[in-house]
Amino acid sequence: MAVIDQLEQEKRAAAEAAALLVEDHTRVGLGTGSTVAYLLPALAARKLSIRCVATSPRTEAAATALGLAVEPFTVLDRLDVAIDGADQVAPDGWLVKGGGGAHLREKIVAAAAERFVVIVSSDKPVAELVAPVPLELEGFGLAATLSALGPAARLRDAAGTPDGGVLADFHGAFETPEALVARLAAVPGVLAHGLFAPALVHDVLVGWPDGVEHRRIRPRASRTLH
Ligand code: A5P
């Protein structure tokens, strides 16, 4: 089988396994990307009574077209579960996300969820995280922000985000994710970065050629039904 086809099968398998984790009458955060694209039909097929929020306009459009009830993320204060892809997954649960430019909303949704489930194909687990790390920058003072970040930060050739942010990537080396998080936090114009700490991550479902591996990163919080 071609490598691309194999990876697509792995994404589908991880996404379908994640769809089975969603319980009826819950609030669900929907991520963004090609792996989540397999989640949406699998979730819709279960015909659950769930309330969803989407991390991007494209996920919202796809989910709505499949009959999932998507609402703006303005009223709900907590989610029972959020499911999303990732660009890199480290053994300790650190993630790089944002290849699709939705990392600000994705992090807000992940942080609001009692359980954050990451779905990836077998090319995403890495020994340690490496650049590029996606950034979302404030347009006001953009040149000053880029100057503060140094030459390792480069604007992405992409449209701005739905929240008015400017997409960029950090291409430099970093010792640890914690060190880069601290460095980015010191620059006020950085609205978001694609480093997700293990404290946000409960489960990682990795699709492999012979099945789906379930990595448990942190225990889930207790869930209340709404
Ligand atoms: C979107 O901004 C990203 O965080 C995606 O979740 C990530 O890039 C994984 O995307 P794929 O599922 O397409 O690999």
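For region 133-192, the normalised intensity computed at q = 0.18, 0.20 Å⁻¹ comes to -0.56, -0.69 (log10 of I(q)/I(0), Debye sum over alpha carbons, equal scatterers, no solvent). Against the chain, whose longest principal axis is taken from its Cα atoms, helix 3-19 shows a tilt of about 60°. Tell me the angle of helix 103-112 to the major Cα principal axis of the chain, expressed in degrees between 0 and 90 and rounded to the nearest ten. Tilt of helix 103-112: around 50 degrees.
Maximal additional length on extending the residue 24-residue 199 stretch stands at 60.4 nm, based on 0.36 nm per residue less the C-alpha distance. If each DSSP helix of 4+ residues adds -39,500 (n - 2.57) and the sum is divided by the residues in the chain, what number results at 222 nm, nearest 500 deg cm²/dmol? Helix contribution divided over all residues of the chain: -8500 deg cm²/dmol.
What shape does region 164-224 have by the C-alpha gyration tensor, where a ≥ b ≥ c are the square roots of the eigenvalues, rounded means a/c under 1.5, and otherwise prolate means a/b greater than b/c and oblate the rest?
Prolate shape, in that a/c is at least 1.5 and a/b is the bigger ratio.
Classify the chain: rounded, prolate or oblate, from the alpha-carbon gyration tensor (a ≥ b ≥ c, eigenvalue square roots; a/c under 1.5 rounded; otherwise prolate if a/b is larger than b/c)? It comes out prolate by the Cα gyration axes.
Sorting the segments 31-38, 185-192, 139-146 by their residues' average number of neighbouring beta-carbon atoms within 10 angstrom, most packed first, yields 31-38, 185-192, 139-146.
Each value in this text was obtained by applying a stated rule to the coordinates, not by laboratory testing. This is a predicted model, so every value here is computed, not measured. No Cβ is skipped: glycine too gets one built from the backbone with ideal geometry, and neighbour counts run over all protein chains shown.
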